[in-house]
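S.K.: This is the structure I have questions about; it appears just below.
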Amino acid sequence: MESETTIEIEVHLDADAAATMRSDVRRGLLAAPKELSPKYFYDERGSQLFEQITELEEYYPTRTEREILAERSREIVAAAGCPATLVELGSGSAAKTRHLLSAMEAVGCLRTYVPVDISEEITHSTAACLVEEYPGLAIQGLVCDFERDLERIPADLEPRLIAFLGGTVGNLYPDQRRDFLARLAALMESGDRLLLGTDLVKERDRLELAYDDPAGVTAEFNKNVLTVLNRELGANFDPDLFAHVARYDSGEARMDIRLRSLAEQTVSLDVLDLEVEFAAGEEMRTEISAKFTRDRLEAVYAEAGLELRGWFTDAAGDYALSLVSLPGS
Ligand SMILES: C[S@@+](CC[C@H](N)C(=O)[O-])C[C@H]1O[C@@H](n2cnc3c(N)ncnc32)[C@H](O)[C@@H]1O
């Protein structure tokens, strides 16, 4: 790379983001059944716990996605038209992203990496590591909620490969997913490509074990949302009074992650001026993780105005990376 190494990170976690959190949490806790958005798992501790999850033997998605990227990144980059820019939504530690960056570097097309993540700490530390590893790389990071701020992704850096890895798209409900993908399609130019990582449908036992490891790391990650609410919203959740629940809903083809109240209890959230009652045994959903088939994904893309152009899976067919574009481009 001939260009100069630079790091620019814009932070958009402003008063609006705090207001969004307050209204999301209020709406979720007053809903029946109660529900919290998974984006609130990810403070610094939440990001660390997620990294630990990705290293668990039971949690096959990260390992499998990494294997596909390790083996096929050159092919993916070539199929994507050797883009100069890699945008990554929910970039986290960008651990697997190195395979794509290295493949782009190897063919000489890599110029800019745009990490987009809600966690400020991890975005800064990832950027600092990457400029060491890829001299000449320009980093133009965005710390924001990608659901709210998608349109902030720099438009002047095409052709772009926009990666959305880790199965994060599976955390969206079908209507949210359709709207989100349609917004992405509206931002894409004909040379841009989207690379989406999705977990595939498989046996219940493997799925449930992946989200409920015996060492309890996933349980701690799930309960971290309560700690975030305690700190950000002056709440008094006692994480020990909630149990982690991970069930596969085969009808909806998704993991359903919840926290079950172990007692009848009242929780107050001072910042919201709200008191919430939990019955003993009441469950509050904290995340879904949808599982897909190729046919279903083709329908999901078509509904959002996109087209499947490439399909990369592991030998066992556990996980897939889809390369997607605007139709006919
Ligand atoms: C499931 S992790 C995936 C991390 C990494 N891409 C991987 O594949 O291992 C989700 C990542 O998305 C980020 N994230 C979750 N919701 C987000 C949102 N609404 N806006 C921006 N980032 C978000 C989290 O901070 C976390 O780094």
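S.K.: I'd like the full set of residues that are open to solvent by 10 Å² or more (accessible area, probe 1.4 Å) and either over 28 Å from G191 (Cα atoms) or of a type in the set (S, T, Y) (or both), limited to region 291-329.
M.R.: T293, T313, A315, A316, G317, D318, S329
S.K.: Still on this structure: Which numbered condition trips up C109, out of (1) open to solvent by 30 Å² or more (accessible area, probe 1.4 Å); (2) more than 18 Å from the chain's Cα centre (by Cα); (3) free of Cβ contacts under 8 Å to residues at least 60 places away in the same chain?
M.R.: Checking C109 against (1) open to solvent by 30 Å² or more (accessible area, probe 1.4 Å); (2) more than 18 Å from the chain's Cα centre (by Cα); (3) free of Cβ contacts under 8 Å to residues at least 60 places away in the same chain, the one that fails is (1).
S.K.: State all residues of region 130-154 that are open to solvent by 10 Å² or more (accessible area, probe 1.4 Å) and either under 25 Å from A15 (Cα atoms) or within 14 Å of the ligand (Cβ to nearest atom) (or both); if no residue qualifies, say none.
M.R.: Q140, D145, F146, E147, R148, D149, E151, R152, I153, P154
S.K.: Tell me which helices (runs of 4 or more DSSP H) are completely within region 1-100 and hold 2 or more residues being more than 14 Å from the ligand (Cβ to nearest atom), modelled with pLDDT under 95 and of a type outside the set (S, T, N, Q), or say none if there are none.
M.R.: 15-30
S.K.: Going by the conditions given, is E121 within 11 Å of the ligand (Cβ to nearest atom), surrounded by fewer than 16 Cβ atoms within 10 Å (Cβ to Cβ) and closer than 24 Å to E220 by Cα?
M.R.: Spelling it out, E121 is indeed within 11 Å of the ligand (Cβ to nearest atom), surrounded by fewer than 16 Cβ atoms within 10 Å (Cβ to Cβ) and closer than 24 Å to E220 by Cα.
S.K.: For E65, indicate whether it is open to solvent by less than 20 Å² (accessible area, probe 1.4 Å) and over 30 Å from R231 (Cα atoms).
M.R.: Yes: the conditions hold for E65.
S.K.: Okay, next question. How many residues does region 226-254 contain that are outside any helix (DSSP H, G or I) and hydrophobic (A, V, I, L, M, F, W, C)?
M.R.: Residues flagged as outside any helix (DSSP H, G or I) and hydrophobic (A, V, I, L, M, F, W, C) within region 226-254 amount to 7.
The values are calculated or read from the model by the stated rules, or taken from the named source; none is laboratory data. A quick note: this is a predicted structure, and the numbers were derived from the prediction, not measured. Positions of Cβ are generated from backbone atoms using ideal geometry, with glycine treated the same way; all protein chains shown enter the neighbour counts. Accessible surface is based on the protein model in full, side chains and every heavy atom, while ligands, DNA and RNA are left aside. Shrake-Rupley method; radii C 1.70, N 1.55, O 1.52, S 1.80 Å.
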